1. Looking at the stretch 329-364, which of its residues are in contact (Cβ under 8 Å) with a residue 40 or more places away in the chain and within 17 Å of Lys26 (Cα to Cα)?
2. Does the stretch 25-38 contain at least one residue that is among the hydroxyl-bearing types (Ser, Thr, Tyr), open to solvent by less than 60 Å² (accessible area, probe 1.4 Å) and closer than 28 Å to Phe247 by Cβ?
3. Suppose we keep only residues that are open to solvent by 20 Å² or more (accessible area, probe 1.4 Å) and not aromatic (Phe, Trp, Tyr) within the stretch 328-341. Which one would you say is farthest from the chain's Cα centre (by Cα)?
4. Answer yes if at least one residue in the stretch 417-429 is under 26 Å from Arg347 (Cα atoms) and under 37 Å from the mean Cα position of the chain (by Cα), and no otherwise.
5. Let me confirm something: among Lys346, Lys298, which residue is at pLDDT below 95 and under 14 Å from Gln380 (Cα atoms)?
6. So which of Leu227, Leu185, Leu209, Leu135 is modelled with pLDDT of 95 or more and in contact with a helix residue (DSSP H, G or I) (Cβ under 9 Å, 6 or more places away or on another chain)?
7. I need a count of the residues in the stretch 155-178 that are within 15 Å of the chain's Cα centre (by Cα) and either surrounded by fewer than 21 Cβ atoms within 10 Å (Cβ to Cβ) or in the same structural domain as Leu15 (by the TED database) (or both).
8. Count, please, the residues in the stretch 378-427 that happen to be among the β-branched types (Val, Ile, Thr) and on the phi > 0 side of the Ramachandran plot.
Amino acid sequence: STISNDSLKTSLLQLECHFTWALLKKDVGLVALEDTILDHIKFVKEHNITDYNILSYVCYLKNSNEEALRNLQKAEEAIQKRHPGEIARRSLVTWGNYAWIYYHMQRYEEAQTYVSKVENSCKNLSSTAHGKIQLPEVCAEQGWALLRFGRHYFERAKNCFENALKSEPDNPDFNAGYAIAMFRLGSSPERYDEERWPCLEALKRAVELNPNNTTLLALLALELQRLKQSDEGERYIEEGLQKTPDFPVFLRYAAIFYRKKGNVGKAVKILEKALAMTPNSVIVHHQLGLCYKFKVLKLIKSRYTPQEEVENLIEPAIFHFKTVIEKKPLFFSAYCDLANMYALGKRYEEAEEIFQKVLQRNDTDCDNKQEIYFNYGNFQHFHMKSESKAIKYYIEGLKIEEDSYARKMCSEAVEKLLRQKIRSGLGHATDFGTLGLVHKLNGKKQEAIECYKKAIALDPNNEEYLNALAELQLSI
């Protein structure tokens, strides 16, 4: 009956599990996420409980409820094997997921059975709880799930691990999750070095508590490299290569380290090895593409390169970047990588097609959109030799107000172009007007006023400039 279903729904919303943690389908590529988790299950046995739980949720998002149930069974088997003395405590998330999946399958009695299991266990575990209890391992499990759902979730993930650490400050798993969340949060180029030290400390502590976890070793090495301590970082990478020469997650990070160091040959060797073990890994394909891109740019810079030699490197780069966007359509920077490779191969129509495809999407974030406009502006400027179009797209990037690295790049590129035109004595009213707009978008009112005045001196009746000037003068 509906009444009991309403009360069932109320109880379900009280549960702590993947269905109540606001993990949104729109933020992930389900195919790529499923591949990542399956690889992880294969190579990282100690995380199987967490991995099977999130895999069941991914199956539900793909509308495969039966498969979701099978993965929850595997999570239960892993719990019995690893925590035979604390089955109830360790099963709360798994049982919560069972309850939700049965509810979605309209098997309400079974859903209710699992809700009751969770509620009774919570009562036994704590005298105050009604189906809700803040256990540190549940906080951590939420943290691991959030890390899998991409960058919008990293801040929340960090908070989950922080909460878990309040009860158990020396827990190796919680420290590992906290350090990884800190590392991911710091990966964007907008973050500057003063924020870096807490991350370094967190990684050192996690490595100390997880001496066999080479993923953490690799992240520590990358963090040191970011802080310009590459030699110390490389010692950790070499240690990791000794300890786990066949662990693909570590190998990916080791390859990133060598690529950033400029040792691309070594990076490619390591990635080929990782690809043989995890042929579906989006990260491995993307990193291989970046290595070939690096080689292409290096060849183009050296003067006397036969086009054929360039082509031989462009081909694999295109193959890997194409694979990335097929497997993970939300990997927006990979569209730019692919389009830029076509452009370097003088395949301009294909480049244009990829840019148009990604420009027309309406699910891009602000900073991704800015990055796409910046790359498209560069394409127009350097390959299509159209300064006017380049200026137009750099400014599209600037109009998006989000403060990001890509926005800064748009701003620098368009200012440089306009100043060159003005300096060469070919500056028309439009160039001063456009530079005025750039200053205005960057909040530099005084500079904007100067530019609009110069534009009006050259084109006295232009209403756009007169209005812009009046508006600026009123706002000061």
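1. Pro329, Leu330, Phe331, Phe332, Asp363, listed by residue number.
2. So in the stretch 25-38, the residues among the hydroxyl-bearing types (Ser, Thr, Tyr) come out as 36.
Then drop every residue that is not open to solvent by less than 60 Å² (accessible area, probe 1.4 Å), which leaves 36.
Then drop every residue that is not closer than 28 Å to Phe247 by Cβ, which leaves 36.
Yes, the conditions are met somewhere in the stretch 25-38.
3. Let us first name the residues in the stretch 328-341 that are open to solvent by 20 Å² or more (accessible area, probe 1.4 Å), namely 328-331, 333, 340.
Remaining after also requiring not aromatic (Phe, Trp, Tyr): 328-330, 333, 340.
Values: Lys328: 12, Pro329: 13, Leu330: 10, Ser333: 10, Asn340: 20 Å.
Per the criteria, the residue is Asn340.
4. Narrowing the stretch 417-429 to residues under 26 Å from Arg347 (Cα atoms): 417.
Adding the requirement that they be under 37 Å from the mean Cα position of the chain (by Cα) leaves 417.
Yes, the stretch 417-429 has at least one match.
5. Values: Lys298 fails: under 14 Å from Gln380 (Cα atoms).
Exactly one residue qualifies, and that residue is Lys346.
6. Values: Leu227 fails: modelled with pLDDT of 95 or more; Leu185 fails: modelled with pLDDT of 95 or more; Leu135 fails: modelled with pLDDT of 95 or more.
None of the others qualify; the one that does is Leu209.
7. Looking only at that region, the number is 2.
8. In the first step, residues of the stretch 378-427 are kept if they are among the β-branched types (Val, Ile, Thr); the result is 391, 395, 400, 414, 422.
Subset that is on the phi > 0 side of the Ramachandran plot: none.
So the count comes out to 0.
The values are calculated or read from the model by the stated rules, or taken from the named source; none is laboratory data. Fair warning: this is a prediction, and the values are worked out from it, not measured in the lab. Neighbour counts run over all protein chains shown; Cβ positions are idealised from the backbone, glycine included. Surface accessibility is based on the protein's heavy atoms, side chains included, excluding ligands, DNA and RNA. Shrake-Rupley method; radii C 1.70, N 1.55, O 1.52, S 1.80 Å.
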